Amino acid sequence: MTPMTHPFISPVDPVRHASQLTRRHFFSRSSLTLGGAALAHLLGRDTAVAQDGPALGGLGQPHFAPKATRAIYLFMSGGPSQLDLFDYKPRLNADHGRDLPDSVRQGQRLTGMSANQATLPLAGSAFKFARHGAAGHWISELLPHTAGVADELCFIKSLHTEAINHDPAITFFMTGAQIAGRPSLGSWLSYGLGSENENLPAFCVLTTKGKGGQPLYARLWGSGFLPAAHSGVKFLPQADAVPFLKNPEGVTAVGRRRLLDRLAELHHDEYERTLDPVVNDRIAQYEMAFRMQTSVPEATDFSGEPESILEMYGPDVRQPGSFAANCLQARRLIERGVRFVQLFHQDWDHHGGLPGAIRGECQQTDQPCAALIKDLRLRGLLDETLVLWGGEFGRTAYSQGKLTAGDYGRDHHPRCFTAWAAGGGIKPGVSHGETDDFSYNISRDPVHVHDWHATVLHLLGIDHERLTFKYQGRRFRLTDVHGTVVAPVVA
């Protein structure tokens with residue numbers, strides 16, 4: 001059944017909101033002439049601010065022509081070791097077992113997990129590296145499938161962050177602040193650009209099933225102080241991918257439709273009485289849930305996928321909730337108009353036993369990541385889809401705990417680490433930034449987390465300084481008070 005469209009259910013529009021203050025409403029709320037004049041002044045000011053354009057609120061359209069219209073973020077929670085994947089440092093192998101030089105550490109803080117070690121022995125990577133692609137990217141033997149799409153990738157090897165522990169670090173990457181409560185990246189994109197599909201959320205979240213490691217919190221994809229409609233919707237690996245969408249036993253689709261229509265009428269009366277935009281947000285979410293009863297089952301049904309595509313993603317794709325299945329699900333969502341899909345894969349926190357542990361994570365993620373790039377390219381979607389890969393920080397050049405001939409661990413390292421991007425306006429085959437011989441400090445072209453966010457927004461057609469939201473007296477933005485687009489990686 002086609003859902004009824006209610007003219008009063010829409011995103012908050014300050015101009016429209018002001019225009020709906022009727023004479024009856026005006027005089028019922030302003031018994032004093034001075035109070036009425038003050039109210040009129042405030043409303044006029046808010047209307048003028050709104051008419052200044054997209055610099056001061058949600059856009060509904062980009063600030064400028066975007067290079068990408070959607071994005072998929074493959075987040076490797078726990079902090080993958082750049083030294084064992086992408087940042088090849090033969091000096092480390094040559095100095096294996098020697099203590100980290102003071103001239104390299106430069107008095108930088110360590111975590112409480114290795115600060116009291118008597119020595120900080122350098123640990124060369126246990127894995128071989130080789131050059132791949134026309135640009136000759138150094139890639140570890142752990143990632144043969146990623147190496148196969150090297151020409152599509154842009155590596156940023158000089159990322160850095162202030163956070164040295166997981167929770168503030170992952171919160172920083174997801175929200176632009178180390179303290180919880182800010183809107184997530186996906187929520188900002190939903191607020192700024194909206195959705196290309198009325199039947200699916202603008203922002204969807206997938207987590208790999210059965211993974212341990214650092215916990216993931218719903219606030220990492222929450223909307224913070226933005227309207228709740230911009231929160232990420234988590235899809236689960238089960239028959240009801242989004243819980244509570246199905247009608248309860250005994251409730252028909254016709255009955256549900258009539259209930260929502262009546263509820264919308266009541267909400268409309270409430271809005272006329274209070275002019276509270278949250279009322280409209282609430283009924284809009286009810287309507288979206290109704291439409292998702294049909295759209296979600298179709299989007300999560302892999303039965304029509306060609307066998308060749310399933311094979312490309314690897315054997316795990318047939319296991320619901322696996323990283324491979326989530327990568328394929330991400331492609332299906334973005335081709336149906338979802339603006340932003342966030343994938344989380346845990347267990348990259350390798351303080352000990354790194355050689356064996358990181359091998360397992362790469363086996364789960366390498367082939368699906370490469371398959372996603374190839375699948376998007378085959379479907380003509382890669383040029384408009386920005387794909388991001390990375391964690392919340394890197395790992396140390398020295399071993400945490402005992403260093404042996406075949407085993408080592410690495411502590412958290414926020415000073416420099418690697419991420420990659422592909423598609424949607426990114427220069428392929430480029431490596432940006434450099435680290436020193438120990439991948440301990442940045443030697444050229446540092447990229448801060450705010451720079452990373454500014455670049456992502458830029459590729460999607462958003463000026464990061466202009467997409468703001470007023471909350472508690474000031475205008476907030478994802479990049480807070482600084483951030484620069486990394487122009488050399490933009491095509």
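The values are calculated or read from the model by the stated rules, or taken from the named source; none is laboratory data. These numbers come from a predicted model, not from an experiment. Heads up, the Cβs are rebuilt from the backbone with ideal geometry, glycines too, and the neighbour counts pull from every protein chain shown.
So, in region 197-243, how many residues would count as being touching a strand residue (DSSP E or B) at 6+ places or on another chain (Cβ under 9 Å) and of a type in the set (Lys, Arg)?
Number of matching residues: 2.
Would you say LEU343 is assigned by TED's automatic domain parsing to the domain that holds VAL233, surrounded by fewer than 21 Cβ atoms within 10 Å (Cβ to Cβ) and touching a helix residue (DSSP H, G or I) at 6+ places or on another chain (Cβ under 9 Å)?
no
Go through LEU245, LEU310 for me and flag whichever is of a type outside the set (Phe, Trp, Tyr) and crowded, with 17+ Cβ neighbours inside 10 Å.
After applying the criteria, what remains is LEU310.
Go through ALA289, ALA299 for me and flag whichever is farther than 19 Å from PHE323 by Cα and surrounded by 13 or more Cβ atoms within 10 Å (Cβ to Cβ).
ALA289
Of the residues VAL481, VAL456, only one is over 29 Å from ARG410 (Cβ atoms) and among the aliphatic types (A, V, I, L, M); which?
Of VAL481, VAL456, the one residue that is over 29 Å from ARG410 (Cβ atoms) and among the aliphatic types (A, V, I, L, M) is VAL481.
Just name the residue that is farthest from ALA371 (Cα to Cα) out of those in region 144-165 that are buried (at least 22 other Cβ atoms within 10 Å of the Cβ) and of a type outside the set (S, T, N, Q).
LEU159
Considering region 461-491 alone, what residues qualify as being among the acidic types (Asp, Glu) and within 26 Å of LEU382 (Cα to Cα)?
ASP463
Tally up the residues in region 232-268 that are assigned to a loop (DSSP other than H, G, I, E, B) and in contact with a helix residue (DSSP H, G or I) (Cβ under 6 Å, 6 or more places away or on another chain), please.
Total meeting the criteria: 5.
Could you tell me whether THR175 is β-branched (Val, Ile, Thr), touching a Lys or Arg at 6+ places or on another chain (Cβ under 6 Å) and more than 24 Å from MET312 (Cβ to Cβ)?
yes
Of a type in the set (Phe, Trp, Tyr) and under 16 Å from VAL341 (Cα atoms): does that describe TRP138?
No, not satisfied.
From the set of residues in region 402-446 that are among the hydrophobic types (A, V, I, L, M, F, W, C) and in a strand (DSSP E or B), which is surrounded by the fewest Cβ atoms within 10 Å (Cβ to Cβ)?
VAL430
Output yes when any residue across region 384-398 is in the same structural domain as LEU460 (by TED's automatic domain parsing), within 23 Å of PRO488 (Cβ to Cβ) and part of a helix (DSSP H, G or I), and no when none is.
Among the residues of region 384-398, at least one is in the same structural domain as LEU460 (by TED's automatic domain parsing), within 23 Å of PRO488 (Cβ to Cβ) and part of a helix (DSSP H, G or I), which makes the answer yes.
What residue, of ARG273, ARG256, is out of contact with any strand residue (DSSP E or B) (no Cβ under 6 Å at 6 or more places or on another chain) and free of Cβ contacts under 8 Å to residues at least 12 places away in the same chain?
ARG273
Okay, residues lined up against (1) surrounded by 16 or more Cβ atoms within 10 Å (Cβ to Cβ); (2) under 19 Å from HIS63 (Cβ atoms); (3) at pLDDT 95 or above; (4) under 16 Å from the mean Cα position of the chain (by Cα):
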residue: HIS450; (1), (2), (3), (4): yes, yes, yes, yes
residue: HIS453; (1), (2), (3), (4): yes, yes, yes, yes
residue: LEU460; (1), (2), (3), (4): yes, yes, yes, yes
residue: ASP463; (1), (2), (3), (4): yes, yes, yes, no
residue: LYS470; (1), (2), (3), (4): no, yes, no, no
residue: ARG474; (1), (2), (3), (4): no, no, no, no
residue: ARG477; (1), (2), (3), (4): yes, yes, yes, yes
residue: ASP480; (1), (2), (3), (4): no, yes, no, no
residue: ALA491; (1), (2), (3), (4): no, yes, yes, no
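When only residues in region 178-206 that are crowded, with 22+ Cβ neighbours inside 10 Å and among the polar types (S, T, N, Q) count, which is nearest to HIS351 (Cα to Cα)?
Looking at the filtered set, the residue picked out is SER184.
Please identify the pairs in which a residue from region 121-135 that is assigned by TED's automatic domain parsing to the domain that holds GLY353 and modelled with pLDDT of 95 or more has its Cβ atom under 6 Å from the Cβ atom of a residue that is surrounded by fewer than 16 Cβ atoms within 10 Å (Cβ to Cβ) and not in a loop (DSSP other than H, G, I, E, B), counting only partners at least 6 apart or on another chain.
Pairs that qualify, where the first residue is assigned by TED's automatic domain parsing to the domain that holds GLY353 and modelled with pLDDT of 95 or more and the partner is surrounded by fewer than 16 Cβ atoms within 10 Å (Cβ to Cβ) and not in a loop (DSSP other than H, G, I, E, B), are GLY124/ASN93; GLY133/ASP151; ALA134/ASP151.
Is it fair to say GLY352 is surrounded by fewer than 22 Cβ atoms within 10 Å (Cβ to Cβ) and part of a loop (DSSP other than H, G, I, E, B)?
It is true that GLY352 is surrounded by fewer than 22 Cβ atoms within 10 Å (Cβ to Cβ) and part of a loop (DSSP other than H, G, I, E, B).
Quick check on region 250-266. Is at least one of its residues surrounded by 14 or more Cβ atoms within 10 Å (Cβ to Cβ), at pLDDT below 95, in contact with an Asp or Glu (Cβ under 8 Å, 6 or more places away or on another chain) and under 20 Å from GLN346 (Cβ atoms)?
No.
Answer yes or no: is there a residue in region 360-377 that is closer than 25 Å to LEU122 by Cβ and either free of Cβ contacts under 8 Å to residues at least 24 places away in the same chain or not assigned by TED's automatic domain parsing to the domain that holds ALA422 (or both).
Checked region 360-377: at least one residue is closer than 25 Å to LEU122 by Cβ and either free of Cβ contacts under 8 Å to residues at least 24 places away in the same chain or not assigned by TED's automatic domain parsing to the domain that holds ALA422 (or both).
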